Every structure is written in structure tokens, then in C-alpha cells.
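Visitor: Dropping a structure here in C-alpha cells format, bear with me for questions.
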Amino acid sequence: MNASKLLTHLSVWAGLWLAPLVWAANMQFGQILPYADCRSQLHASAITSFVGAALTIASSLVSWLTPAKVIADSEEHRANADFGGAVSALSACLFTFALLMQGIAAMVLTGCER
């Protein structure tokens, strides 16, 4: 597999590997940043959640649009790319929703609640 094919495969499946990584990182930041939010009222938790949501939206778009550019050897490979892109984009939408809900919760809560 050459570098071009590898990049294409990673792009098709970006919503299934990038979006969960962004969400997991945001979950870890959600354990740390409320202490900083309480002291400074900066809402760093909300900022990281919304930036993460933007990244997952980007991964969804990449996954959705890449299969149209795939030059497949056969119709089966093209169908696999279409299916993978659709599943990956929908998965990224699910993680985007989770990140948006976390960001909204971070805007409502100050970080000082115990």
C-alpha cells in the first residue's frame, strides 16, 4: 500500500478514528479544567469542547466527501469506500453531539460546584 492509498483510507475513516480521540481528550480535559474555570471564570472547558466539536465536524466532512474522490479498482471497492465514508461521517456526528452537550454544560456550570 502506497502513501496515497493510506492517506485515502485514513480520510475515509477519519470520523471513526479522529472523532473518538478528540472526545476522549475532551473527557480528560473535563476532569482537569473545571478547577481552572472556578479560579478564573474563563470557561476553558467550554472552549475545549467547542473546539473539539469543530474538529469532529471537520472529520465528518472529510469522511463524507473523500469517497467521491476515490478511484476504485472495482465497483466493490467503490461501494466499500461509500459505506465507510457514510458510517464514519455519521459516527463523527454522534461525537459532535456529545461534545456540544459537554460544551453547553460547561457554559451553564461554573466549575465551583461540589
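Laboratory data are not the source of any read-out in this text; all were calculated from the coordinates shown. The model shown is predicted, which means the values in this text are computed figures rather than measured ones. Quick reminder, even Gly has a Cβ in these numbers, built from the backbone with ideal geometry, and neighbours come from all protein chains shown.
Visitor: At 0.36 nm per residue, and after removing the present C-alpha to C-alpha distance, how many nm does the segment from residue 80 to residue 94 gain when stretched out fully?
Guide: Extra length from residue 80 to residue 94 when fully extended: 2.9 nm.
Visitor: Counting pairs of alpha carbon atoms under 8 Å apart in space and at least six apart in sequence, what relative contact order in percent does the chain give?
Guide: 41 percent
Visitor: For the chain, find the longest principal axis of its Cα atoms and tell me its angle to the long axis of helix 14-40, 0 to 90°, nearest 10.
Guide: Rounded to the nearest ten degrees, it is 10.
Visitor: Still on this model: Calculate I(q)/I(0) for the chain by the Debye formula, one identical point scatterer on each C-alpha and no solvent, and give its log10 at q = 0.13, 0.18, 0.24 Å⁻¹ to two decimals.
Guide: Taking Cα atoms of the chain as identical point scatterers yields -0.55, -0.80, -1.14.
Visitor: Would you calculate the separation in nanometres between label points at residue 104 and residue 47, each defined as 7 Å from the Cα along the Cα-to-beta-carbon direction?
Guide: Going from the residue 104 label point to the residue 47 one covers 2.3 nm.
Visitor: How far apart, in nanometres, would the label points at residue 54 and residue 27 be if each is projected 7 angstrom from Cα along the Cα-to-Cβ direction?
Guide: 2.4 nm
Visitor: Kindly express, to the nearest 10 degrees and within the range 0 to 90, the angle between helix 3-12's C-alpha long axis and the longest C-alpha principal axis of the chain.
Guide: The angle comes out at about 60 degrees.
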